[in-house]
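J.: Take this structure first; my questions come after.
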Amino acid sequence: MTEVPTEVVEAALRAADRLGRDVADVPLVAIAREAGMSRSTLVRRLNGSRRLLDDAVRAAGVEPGGRPPVRERAVQSAASLISDRGLAAVTLEAVAAQADCSVHSLYAVFGGRDELMRAVFDRYSPILDLDEAISEPDAELGETVHRIYRLLAEAFSREPRVAPAMLAEGLARPTEPAVQALLQYHVPRMLAGVGQWLAGEVTAGRVRDLPLTLLIQQMLAPIAIHTMVRPAAVYIPEIELPELDQACAVFADNFLRAVAT
């Protein structure tokens, strides 16, 4: 099989970016001009097949046209696998099969499984929701806590259910290398966000001076557990669940009563 030179792939990407089009929609003459060669020379380099160029561009981690980029498809596919089958199901081979790309493309985009998992975590974990909830410096403590609970409920309830699956995996297999890698990525970010906010509330005298880790757990655990078991609980006739908004309000008020000065 003829190998497309790297400089041709790079020229195709530059031409697509300059024209604001997908690579598949860029004329060969424009790609040849970007590569500093004639169109006939480019056609010879491609062995007369435009498909070779499309495949080479795809192997570099960019969809030549029509579909979302490899990165987007891979993150969505990995999230779906986590939600349906758990963290262990997310091999690069499984993601590539579901995302309709090659394993080589995943390496080109992410460098490996750990970076792919971090991208999934960034997209679907509650971290960004928490950062948004504490982003208003002048908000009252009660208002911020209620906002945190509503955002956490949404993050743990939405499909694909990545956050509950990751939490369950961490509880079931805490020593697994994949779980440890996520924890080492997740915990510092949690401390830098909600941890710093809670520490500031303690310093300001609005929250009791308790160990920071326990404060974070006391705030996050009730709503996380509730939203994780809620989908199963609806099928048990003996359990009458409140509306999710009501549950958020109850948990938020309980937290405030427990820790507010």
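Where a number appears in this text, it was derived from the coordinates with a stated rule and is not lab data. None of these values were measured; they are calculated from a predicted model. Cβ coordinates were reconstructed from backbone atoms using ideal geometry, including for glycine residues, and neighbour counts include every protein chain displayed.
J.: For region 6-59, what are the per-bin percents of Cα-Cα distances with bins 10 Å wide, up to the bin holding the maximum?
T.: Spelled out bin by bin, region 6-59 gives 28, 65, 7 percent.
J.: Roughly how many whole Å is it from the C-alpha centroid of region 47-102 to that of region 19-42?
T.: 24 Å
J.: Moving to a separate point now. Angle between the Cα long axis of helix 177-190 and the longest principal axis of the chain, 0 to 90 degrees, nearest 10?
T.: Helix 177-190 sits at roughly 70 degrees to that axis.
J.: While we're looking at this one, here's another question. Would you mind getting me the FRET efficiency between Asp22 and Glu72? Use the beta-carbon distance for r and R0 = 22 Å, nearest 0.05.
T.: 0.95
J.: Val207's amide H: which non-local residues (gap 5+, or another chain) put their own amide H closer than 5 Å, with H modeled 1.01 Å from N in plane and none for Pro or chain starts?
T.: HN-HN under 5 Å from Val207: Val202, Thr261.
J.: While we're on this one: Net charge around Ala247, counting only other residues with Cβ within less than 14 Å of its Cβ (Lys, Arg = +1; Asp, Glu = -1)?
T.: Combined, the nearby Lys, Arg, Asp and Glu give -3.
J.: Just to check, using Stokes-Einstein with a Kirkwood Rh over alpha carbon pairs, what's the diffusion coefficient of region 126-180 at 4 °C and 1.567 mPa s in µm²/s?
T.: Approximately 102 µm²/s, per Stokes-Einstein.
J.: Looking at the chain from every direction and averaging, what is the projected area of its Cα convex hull in nm²?
T.: 18.1 nm²
J.: For a distance above 13 Å, tell me the whole-number percent of Cα pairs in region 70-111 that qualify. Display every interim value, and only then the final one.
T.: Values: 355 of 861 pairs.
Value for region 70-111: 41 percent of Cα pairs lie more than 13 Å apart.
J.: Determine the dipole magnitude for region 32-76: charges of +1 sit on the beta-carbon of Lys and Arg, -1 on that of Asp and Glu, nothing else is charged, the reference point is the Cα centre, and the result goes in debye to the nearest 20.
T.: Here the size comes out at about 160 debye.
J.: Which angle between 0 and 90 degrees, to the nearest 10, do you get for helix 162-172 versus the longest principal axis of the chain when only C-alpha atoms count?
T.: Approximately 70 degrees, to the nearest ten.
J.: As an exercise, use a Förster radius of 22 Å and the Cβ-Cβ distance of Leu128 and Val229 to find the FRET efficiency, rounded to the nearest 0.05.
T.: My answer for the efficiency is 0.35.
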